[in-house]
Amino acid sequence: MNFTNFGRYVLLLKSVFRKPEKLKIYLKEIAKQMDYVGVGSVGLIAIISTFIGAVMTLQIAFQLVSDFIPKTIIGSVNRDSSILELSPTISAIVLAGKIGSAISSEIGSMRVTEQIDALEIMGINAPGYLILPKIISGITMVPMLVIISMFLSITGGYIGGSISGAVTPAEYLQGITTDFNPYTIVVALVKAFVFGFIITSVPAYEGFYVRGGALEVSMASTRAVVISCISILVCDYLVTQLLL
């Protein structure tokens, strides 16, 4: 059954990336989706990232019980943890819940109310028109959100450490600037690109093939979020294994 679903998913993607009928209509829809996925999620990502960075600083400081370890290491560990793991993965899981459920519900509702059937009767490539703008917005805006998350997570660590006294501002700044490897940002952005594709394509698949009524749409929405989160964690491991 899982292989059947994967095969349908691949065939759906093949239809999605077919040449569009009218590029102007697609561009308008892409701009709309980028505003929803990107701009509409900045506030949520900002709050989560700032507090996660602050909490990480406190936890790292709590575990540094040795006087032989300089406190500058707090900034270094928080920086690398935020860039490589926390910002891409936590942001993706949060967005899977916010965006994924909305995409699945939207497309699922169109399916059960026969709007998708109407599009296909009119000769419109329904998968391309409904799903392609969402995928493009996901693979472009999620990396941007992850970049914002990285910056705010590190900034949150600075604020949290300064307020609590766990680390001085000078020590924290020295830590985040010491032995920085820019390649970690490349790895994080590759993860964000992959996660953005998963967050938009998997819920779209669940919504596109839903059958029944409102109950089935809600079940498909829940299933989309669960599968997206599991896929994100699996791909997180695979990308980390391949690139690091």
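List of remarks:
- Gyration tensor verdict on the range 131-244 (Cα atoms; rounded if a/c is under 1.5, prolate if a/b is larger than b/c, oblate otherwise): prolate
- Surface composition of the chain: carbon and sulfur atoms hold 71% of the protein heavy-atom accessible area at a 1.4 Å probe.
- Spin-label model distance (nm) - ASP179 vs LYS19, 7 Å beyond Cα toward Cβ: 5.4 nm
- Residues within the reach of a label modelled at VAL226 (point 7 angstrom out along Cα to beta-carbon, backbone nitrogen below 20 Å), restricted to the range 177-209, are 198-209.
- Radius, Kirkwood style, for the range 1-78 when every pair of distinct Cα atoms is counted (Å): 17.6 Å
- Value of [θ]222 nm, deg cm²/dmol, for the chain, DSSP H segments ≥ 4, -39500 (n - 2.57) each, nearest 500: -26000 deg cm²/dmol
- Each of the peptides 49-59, 166-176 was scored by the mean count of other Cβ atoms within 10 Å over its residues; in descending order, highest first, they stand as 49-59, 166-176.
- Packing-based ranking of 108-120, 131-143, 185-197 yields 131-143, 185-197, 108-120, ordered from highest to lowest mean Cβ neighbour count within 10 Å.
- For the chain: span of alpha carbons on each principal axis (Å, largest first): 72, 37, 32
- Cα gyration tensor, the range 96-137 - rounded (a/c under 1.5), prolate or oblate: oblate
- Accessible area expressed per residue, the chain, with surrounding protein chains retained (probe 1.4 Å, Å²): 51 Å²
- Check: the range 21-243 dipole with +1 on Lys, Arg Cβ and -1 on Asp, Glu Cβ, in debye: 240 debye
- Relative contact order (%) - criterion: Cα under 8 Å, at least six apart; region: the chain: 34 percent
- Among TYR237, GLN59, SER201 the positive-end extreme of the charge dipole of the chain (Cβ point charges): SER201
- Close lysine pairs were tallied over the chain: pairs 8 or more places apart or on different chains with Cα atoms under 26 Å apart number 22.
- Hz values of 3J(HN,Hα) by residue in the range 124-136 - Karplus curve (6.51, -1.76, 1.60), Gly and Pro given as x: 8, 6, 4, x, x, 5, 8, 9, 4, x, 5, 5, 4
- Across the range 26-32, coupling constants 3J(HN,Hα) worked out from phi with the 6.51/-1.76/1.60 Karplus curve, θ = phi - 60°, read 5, 4, 5, 5, 4, 4, 4 Hz, and Gly and Pro carry x.
The values are calculated or read from the model by the stated rules, or taken from the named source; none is laboratory data. The structure displayed is predicted, hence computed values, not measured ones. Every residue, glycine among them, receives a Cβ derived from its backbone with ideal geometry; neighbour counts consider all protein chains shown. Each accessible area value is taken on the protein alone, full model and side chains, heavy atoms only, with ligands, DNA and RNA left out. Shrake-Rupley method; radii C 1.70, N 1.55, O 1.52, S 1.80 Å.
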